[in-house]
């Protein structure tokens, strides 16, 4: 399946990205920066994969918040050096150790099957952690 976006740039570093479904995203100095977009793509891919696995396992929760903090290398080009990925799961009954373990396994499977995660592991160290609230 091919994916396509179009980004129109004007007035220096100001752009508008569009996908084939008509969604738009502002890119630029005051909007979304490139690494923010990269981390958003990573979080989206990871969650889509996590969600698919969690549904199959019948895991229940209300929300998942993914926070990614990364660091670039000093060399040029400044590849991603490392990223820490924090999953905050709310509304899950984790008093049962088995359920807690199932969420941990779901995260590990999401890492295994998320294509963007696996692409980034070729150049960077990625560390994931899951917490429950």
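Tabulated results
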{"read-out": "Residues satisfying the stated conditions in segment 58-84, i.e. over 16 Å from the mean Cα position of the chain (by Cα) and either exposed (fewer than 13 other Cβ atoms within 10 Å of the Cβ) or not assigned by TED's automatic domain parsing to the domain that holds residue 42 (or both)", "value": "58, 60, 62, 74, 75, 76, 77, 78, 79"}
{"read-out": "Selected residue (criterion: farthest from residue 114 (Cα to Cα)) from residues of segment 52-84 that are part of a helix (DSSP H, G or I) and in contact (Cβ under 8 Å) with a residue 12 or more places away in the chain", "value": "57"}
{"read-out": "Residues of segment 117-133 that turn out to be over 25 Å from residue 62 (Cα atoms) and either assigned to a loop (DSSP other than H, G, I, E, B) or at pLDDT below 95 (or both), as a count", "value": "4"}
{"read-out": "Options 47, 87: the member that is surrounded by 14 or more Cβ atoms within 10 Å (Cβ to Cβ) and in a helix (DSSP H, G or I)", "value": "47"}
{"read-out": "Some residue of segment 109-116 being surrounded by fewer than 13 Cβ atoms within 10 Å (Cβ to Cβ) and either at pLDDT 95 or above or under 17 Å from residue 40 (Cβ atoms) (or both)", "value": "yes"}
{"read-out": "Boolean, residue 35 is modelled with pLDDT under 95, part of a helix (DSSP H, G or I) and in contact with a strand residue (DSSP E or B) (Cβ under 9 Å, 6 or more places away or on another chain)", "value": "yes"}
{"read-out": "Failed item in (1) closer than 17 Å to residue 53 by Cα; (2) assigned to a loop (DSSP other than H, G, I, E, B), with residue 93 passing the rest", "value": "(1)"}
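The values are calculated or read from the model by the stated rules, or taken from the named source; none is laboratory data. Owing to the predicted nature of the structure, the values given are computational and were not obtained by experimental measurement. Cβ atoms come from the backbone with ideal geometry, glycine included; neighbour counts cover every protein chain shown.
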